[in-house]
């Protein structure tokens, strides 16, 4: 007799699974929206490096608690994840850094230090080894209500910032010269965007793990860019698709016994593949400009798809 879990059993235990499903949907929607900036600004591996830095911060906090008896902020996984993420972000976005070493090399260094450091620190705290693996690969099944509350707060703050500053953020991101000519504070807007990404990645990594965080930062945005006519709509579509991937991915993990993070990443990848098929099926061009906006859209945001050159 087949004893595989069913959807009926899943929803019968909804009280148990509600918080992790909602957490996945909130993270997917938040990072899906921000991911459009990440993809179009060619910062894809920034989110991977930041998520690994956050993982190292969490591992360091566990080590500080167990080996050093640290309490308060020093022993807080959330505080450590945020601190390490912001430190990595400062290294990656510092102006003039490319005079000495390429941005790709810096990304690789941050990623390797974060992932290797978390594993090395994890070997020193065997009692938290499972939690370290959850942070790196997203194998956590349950989410505490206080963690869900943090995600809700972060998502709400980022939504408010986007509603208040969205036009300026898009302008500064995709037409920097035009933004400067119009007197917009480009550096301040960049700092706001990068801070939003850093906070979202650090908190999400602590709750869900680095793998699904990286997936949500890239794949829903790619899908939105493929099927939306402009950046504003792409952001909304990416948020919706990211939320779907986060929720459906958890259900798939329950039904098939797969790791949660890997299931959420796989669902996000499947959604992106479907979006690519739709793009091809419509016979529309697939060329995506990353920085420069057409004149008709420059005041708001760049067009996602342009006509192919003949």
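Which whole-percent values make up P(r) of the range 7-281 when all C-alpha to C-alpha distances are grouped in 10 Å steps starting at zero?
Spelled out bin by bin, the range 7-281 gives 7, 29, 35, 21, 6, 1 percent.
Set the Förster distance to 45 Å, then compute FRET efficiency between residue 12 and residue 278 from the Cβ-Cβ distance, nearest 0.05.
Efficiency, rounded to the nearest 0.05: 0.80.
When only Cα pairs under 8 Å and 6 or more residues apart are kept, what is the percent relative contact order across the range 7-281?
33
When ranked by the protection proxy of mean other Cβ atoms within 10 Å per residue, highest first, what sequence do the peptides 231-239, 189-197, 251-259, 205-213 form?
The densest-packed peptide leads the list: 205-213, 231-239, 189-197, 251-259.
Only counting other Cβ atoms within 10 Å, I'd like 7, 31 sorted with the fewest neighbours first.
So the ranking, lowest neighbour count to highest, is 7, 31.
In what sequence, highest mean first, do 48-55, 37-44, 143-150 appear when ranked by Cβ atoms within 10 angstrom?
48-55, 37-44, 143-150
What is the distance, in nm, between label points placed 7 Å from the Cα along the Cα-to-Cβ direction at residue 68 and at residue 182?
4.6
Before anything else, pin down the relative contact order of the range 166-236: Cα pairs under 8 Å, at least 6 apart, normalised by residue count, whole percent.
This gives 17 percent for the range 166-236.
Separation between the residue 156 and residue 103 pseudo-spin-labels, each 7 Å from Cα along Cα→Cβ, expressed in nm?
Between residue 156 and residue 103, the label points sit 3.4 nm apart.
Arrange the peptides 152-159, 106-113 so that the one whose residues have, on average, the most other Cβ atoms within 10 Å appears first.
106-113, 152-159
Could you compute Rg(Cα) / (2.2 N^0.38 Å) for the range 200-265, with N its residue count?
1.15
Would you please state which residues of the range 4-46 a label at residue 258 would reach in this model, taking the label point 7 Å out along Cα→Cβ and a backbone N cut-off of under 20 Å?
Backbone N within reach: 4-11, 17-18, 20-29, 32.
Each reported figure results from applying straightforward, stated rules to the coordinates on display, with no laboratory input. Quick caveat: nothing in here was measured; it's all calculated off a predicted structure. Methodologically, a virtual Cβ is constructed for each residue, glycine included, from the backbone with ideal geometry; neighbour enumeration extends over all protein chains shown.
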